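Reviewing the structure listed below.
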Amino acid sequence: MPERRFALLFGDRVAQARLGEAVRGHGTIWVAEHPEEVAAAAAGSSSLAATIILFSPARHAEALRAADAIRAAAPDHAIIGYVDPRTLSSRFILETGRAALTDLVLRDVDDSRAVLLRVLENAGQLDSALRVAEHMCEGQPRAVRIVVQFICAHLREPLDASTIAAGLGLNRRTMYHRLGGVGSPGPRELVGWCRVLFVAHQLSRADASLSVIATQLDLPSWRSLTYMVRRYLGIGTNELRRLDAFAFALARFREQFAAPTHRADEARAPQGRPALVP
């Protein structure tokens, strides 16, 4: 199991020390020299959980360019701005908004060990969730892929059928009709399966505790995870700490699909039309 890494760009000794203390026992800090190295690692390494960029007055423009380069190479990678308060301005807010930073931490204001660890853990959640979505979507029809991708991109949020349908620009009836037409479980069950597979992924591939995973999913207690896993998989969470546990959970998910009742929506699709979902 590869150890999780958190890249640090443009960091000084204080930033290295605080971040190193925050991730002690949870991962390591990689003090990177060049943004290009980080961008390549973010695009190709599952062990790089997030990148922290120190924004200081002296290197503000350079830090923004680095954020843009990493975002271009790995659109879903978590990028955290570690911000010197002297850098804050309306222009800074506009520029970092364009860079789509995952989160901001103010230096000497809200960068205690507990806060830094929570920010880093939560930032890596989206990257893991989207990796889970990739596996879940393999071989699935478009109607399932768009729902699973939306759920995994919003896994921390309260999700019901109306919320998912609205987010996809559909009405509830159309969404249910399309999912049922390809033999898929309904949206409520898909939310449960996405969360269960996220738990299986984190437990089998990362040294994460149940309490950390519950925080990543914004659940009130790790006991919620235990109940959810047993309901969907019939096993306890301790059994998910095997390297093959995610494959087992994925296979159980795929068993939930019945024979499709119709494929009319796909049959009506015009030939040569570009797919909206890869």
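The values are calculated or read from the model by the stated rules, or taken from the named source; none is laboratory data. If you're wondering where the values come from, they're calculated on a predicted model, not measured in any experiment. Positions of Cβ are generated from backbone atoms using ideal geometry, with glycine treated the same way; all protein chains shown enter the neighbour counts. Areas reflect the complete protein model, heavy atoms only, side chains present, ligands, DNA and RNA absent. Shrake-Rupley method; radii C 1.70, N 1.55, O 1.52, S 1.80 Å.
Assorted remarks:
- Of all residues in segment 214-232, those that are touching a residue at least 12 places away in the same chain (Cβ under 8 Å) have Cβ atoms under 7 Å from Cβ atoms of residues that are among the small types (Gly, Ala, Ser) and surrounded by 14 or more Cβ atoms within 10 Å (Cβ to Cβ), 6 or more apart or on another chain, in Trp222/Ala214; Leu225/Ala214; Met228/Gly192; Tyr232/Gly192.
- The set of residues from segment 97-126 being out of contact with any strand residue (DSSP E or B) (no Cβ under 6 Å at 6 or more places or on another chain), of a type outside the set (Lys, Arg) and open to solvent by 20 Å² or more (accessible area, probe 1.4 Å) comprises Gly97, Ala100, Asp108, Val109, Asp110, Ser112, Ala114, Val115, Leu117, Asn122, Leu126.
- So Ala69, is it of a type in the set (A, V, I, L, M) and within 30 Å of Gly192 (Cβ to Cβ): no
- Within segment 7-59, tally of residues that are outside any strand (DSSP E or B) and farther than 22 Å from Ala114 by Cβ: 20
- Taking segment 165-216 as the range and being surrounded by 19 or more Cβ atoms within 10 Å (Cβ to Cβ) and outside any helix (DSSP H, G or I) as the test, the residues that pass are Val182, Ser184, Ala206, Ala208.
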